[in-house]
Amino acid sequence: MSSTSPQPKSMMRPTQWSEQVEEAYRFQLAGYRDELEYKKFQKTDNVDRWPHNGYVKKLTRRDGCFYYYNKTRECPDKEISKTKIYTY
């Protein structure tokens with residue numbers, strides 16, 4: 001990771017599900033902090049999303065494999081508090 005990548009000012013752990021939590025969960029499952037880190041690492045401006053709700057559809061992992069996500073919520077209740085929400 002290069003030093004030019006923005007570093008988060010703070011991190012919080014959510015207590016209930018939201019679309020923001022779902023977004024963070026999908027990026028973190030694929031091995032990234034969030035969308036900013038994903039775009040920097042993959043050198044892309046494009047994230048493959050479901051057109052009807054904007055949820056992440058597909059991510060490239062750091063090892064080059066892919067994660068494919070459903071159209072609906074994927075973050076289970078037990079994972080909500082393990083998800084990290086970063087602020088910059």
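Any read-out appearing in this document is the output of simple, stated calculations on the displayed coordinates, not a laboratory observation. All of these numbers come straight from a predicted model, not from anything done at the bench. Methodologically, a virtual Cβ is constructed for each residue, glycine included, from the backbone with ideal geometry; neighbour enumeration extends over all protein chains shown.
Applying 0.36 nm per residue to the separation of residue 72 and residue 39 and subtracting their alpha-carbon distance, the gain on full extension is 9.6 nm.
The residues neighbouring residue 51, those whose beta-carbon lies less than 14 Å from its own, together hold a net charge of +3 under the Lys/Arg +1, Asp/Glu -1 convention.
For residue 57, the residues 5 or more places off, or on other chains, whose built amide H falls under 5 Å of its own are 48, 49, 50. The order of 66, 27, going from fewest to most other C-beta atoms within 10 Å of their C-beta, is 66, 27. Working value for the chain: equivalent-ellipsoid semi-axes of 20, 18, 11 Å, each the square root of 5 times a Cα gyration tensor eigenvalue, largest first. Couplings for the range 56-70, taken from phi via the Karplus curve 6.51 cos²θ - 1.76 cosθ + 1.60 with θ = phi - 60°, read 5, 9, 8, 10, 8, 6, 5, 8, x, 6, 10, 10, 10, 10, 6 Hz in order; Gly and Pro are left as x.
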